[in-house]
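This report refers to the structure that appears directly beneath it.
Coordinate-derived values only; no laboratory data. Source: prediction; values computed, not measured. Don't worry about glycine lacking a Cβ; one is built from the backbone with ideal geometry, like all the others, and counts go over all protein chains shown.
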Amino acid sequence: MKVLVLQHESCETLGVFEEELQKRDIQSRYVKVYEDDLPKSFKGFSKIIILGGPMNVYEEEKYPFLRA
């Protein structure tokens with residue numbers, strides 16, 4: 001199993017969930033949406049985890065990646 005993790009801030013991580021995924025031999029791949037493009041395809045990922053951040057949906061000027 002492989003999990004895609006969408007990260008909106010460098011300080012936001014899976015935390016204790018990362019350890020649980022590792023215990024279960026579940027791979028995770030972080031995509032830093034504030035730096036990286038989303039994958040062209042989500043094939044190969046069983047789940048997607050979207051991490052939070054301090055931004056709000058109306059703050060597209062401050063956080064341009066919200067437009068994606």
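Among the trypsin sites (Lys or Arg not before Pro) in the range 34-68, which ones are in a DSSP loop with at most 13 other Cβ atoms within 10 Å of the Cβ? Mind listing them?
Sparse-neighbourhood loop trypsin sites (Lys or Arg not before Pro): Lys40, Lys43, Lys62.
So which chymotrypsin sites (Phe, Trp or Tyr not before Pro) in the chain end up in coil per DSSP with only 11 or fewer other C-beta atoms within 10 Å?
When the chymotrypsin sites (Phe, Trp or Tyr not before Pro) of the chain are filtered for loop state and at most 11 Cβ neighbours within 10 Å, Phe42, Tyr58 remain.
What's the local net charge at Lys43, with K and R +1, D and E -1, over the other residues with C-beta under 14 Å away?
+4
Would you grab the residues whose amide H sits under 5 Å from the one on Tyr30? Only those 5+ places off in sequence or on another chain, please, with H modelled 1.01 Å from N.
Amide H neighbours of Tyr30: Val5.
Ranked by Cβ crowding within 10 angstrom, fewest neighbours first, how are Met1, Met55 ordered?
With the sparsest Cβ surroundings first, the list reads Met1, Met55.
In square nanometres, what is the average projected area of the Cα convex hull of the range 2-67?
4.8
If the only charges are +1 at each Lys and Arg Cβ and -1 at each Asp and Glu Cβ, what is the size of the charge dipole of the range 2-67 around the Cα centre, to the nearest 20 debye?
Around 420 debye, computed over the range 2-67.
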